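Data block below; observations after.
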Amino acid sequence: MKTVFSGIQPSGELHLGNYLGAIRNWVSLQDQYRCIFCIVDYHAITQTYEPKEMSRRVTDMVVDLLALGIDPERSLLFLQSTVPEHTELAWVFNNVIGMGVLERMTQYKDKSEHQPDNVNVGLFTYPVLQAADILLYKAEAVPVGQDQLQHIELARDVARAFNHRFGKVFPECEALMTNLPKLLGLDGKQKMSKSLGNQIPLNVFGNDKAMRKLLAKAVTDSARVTREDPGNPDNCPTVGQMHKAISSPEDNAWVREGCTTAGIGCADCKAKLGDNMNAHFASYVERRAELVANPGRVEEVLAMGAQKARALAQRTMSEVHKKLGLLRPKASA
Ligand code: TRP
């Protein structure tokens, strides 16, 4: 069975974009792969953040991941900073990769522009830690979005460079691209994201009124200026995309027919979407309530994950130490 590794930043509660763009795929990958999912808190500290909020961000995210169907019995779910081998291997990798390669990383350039007062070394070497995440578990496949392809390529270069110089330890990983919808935010302009405030947070499900109120805000096809103007669901950035992602073929046919002939209005289309989302997220809402009532469960999952991940990580590190020719006093082997 192939090993899949993926990481996610602890942004707190997940939103519909995270779900449709990544987590839904993670849940189904569990059937075919040995999956390792990591909440990358050491990556998160490269950005300016409020320390008081960090543990909450992590717990909220674990609650959401479990409620959505990440199964800790089948998959490994853990917190990056509880497995110090990640940063240890990242340090080793710092020595096989050139400055120039990292300087060319587009995400580094973007992020430095975004926080010009905090262009720290962690931000620069971020992709090296990401390579360590993946390679520590010798993962062959990495499900990521388009924006991470350059980082996965770098991980492959790092593996190759290490193997070439010190002897083969690491496989060459590949990005696992799936056909995922590009979900825009409620503004209909930019990718759904918490920092832009255009998101539909998953925790709105279970509160029907609040959810419908958010949907009402969603920008639709600009061709439909009035109820009488026909539109096209393909040009409806948020609502049209969400129907495609979660509604049945019959409902999608109803949407297309109604929208293109102005037979239904956007409010009708949103009402149907609201119903379908309620159905889609019913078991999530139920499981989330159970987890919220039982906070010990999250800790238990993270403790178990840390223990299992560490055992695997230490095995790889001992191979690495050997190849590097480092002295291992017997007691610390
Ligand atoms: N950089 C990734 C992101 O922002 C998160 C991440 C960290 C990751 N380590 C990883 C993704 C390893 C895949 C594999 O989305």
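The values are calculated or read from the model by the stated rules, or taken from the named source; none is laboratory data. All values reported here derive from a predicted model rather than from experimental measurement. When we count neighbours, we look across all protein chains shown, and the Cβ atoms used for this are built from the backbone with ideal geometry, even at glycine. Remember, those area values only see protein heavy atoms, side chains included, never the ligands or the DNA or RNA. Shrake-Rupley method; radii C 1.70, N 1.55, O 1.52, S 1.80 Å.
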Here the alpha-carbon Rg of segment 1-86 over 2.2 N^0.38 Å rounds to 1.07
Roughly what % of DSSP beta bridges within the chain run antiparallel, to the nearest 5? 10 percent
What value, in deg cm²/dmol to 500, does the helix sum -39500 (n - 2.57) over DSSP H runs of n ≥ 4 give at 222 nm once divided by the residues of the chain? -16000 deg cm²/dmol
I'd like the carbon and sulfur percentage of the solvent accessible area for segment 33-177, probe radius 1.4 Å, heavy atoms only, ligands and nucleic acids excluded. 52 percent
Viscosity 1.002 mPa s, temperature 20 °C: Stokes-Einstein D of segment 24-133 from its Kirkwood Cα radius, in µm² per second? 137 µm²/s
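Under a point-charge model restricted to the Cβ atoms of Lys and Arg (+1) and Asp and Glu (-1), what is the dipole moment magnitude of segment 207-280 relative to its Cα centre, in debye to the nearest 20? Numbers along the way, then the final one.
On the way: 10 positive and 10 negative charges, 72 e Å.
My answer is approximately 340 debye.
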Could you work out the Kirkwood radius for segment 99-247, taking every pair of different alpha carbons, averaging 1/r and inverting it, reported in Å? 18.6 Å
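Heavy-atom accessible area per residue, segment 207-280, 1.4 Å probe: how many Å²?
51 Å²
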Report, in debye and to the nearest 20, how large the dipole of segment 88-239 comes out about its Cα centre when Lys and Arg carry +1 and Asp and Glu carry -1 on their Cβ. 300 debye
Among 220-232, 35-47, 190-202, the order from most to least packed when residues are scored by Cβ within 10 Å on average: 35-47, 190-202, 220-232
Cross-link reach list, lysines versus LYS52, counting only Cα pairs under 21 Å and skipping chain neighbours closer than eight places: LYS194
May I ask you to work out the translational diffusion coefficient for the chain at 4 °C, viscosity 1.567 mPa s, via Stokes-Einstein with Rh from the Kirkwood sum over Cα pairs, reported in whole µm²/s? 60 µm²/s
Contact order relative to length for the chain, counting C-alpha pairs under 8 Å separated by 6 or more residues, stands in percent at 21 percent
In the structure shown, of LYS138/LYS330; LYS168/LYS308; LYS138/LYS323; LYS182/LYS213; LYS168/LYS323; LYS209/LYS272, the pairs separated by more than 18 angstrom at the C-alpha atoms are LYS138/LYS330; LYS168/LYS308; LYS182/LYS213
So, with points 7 Å from each Cα along the Cβ direction, the ASP208-ASN95 label distance in nm works out to 6.3 nm
Considering only C-alpha atoms, what is the centroid distance from segment 47-78 to segment 239-297, in Å? 24 Å
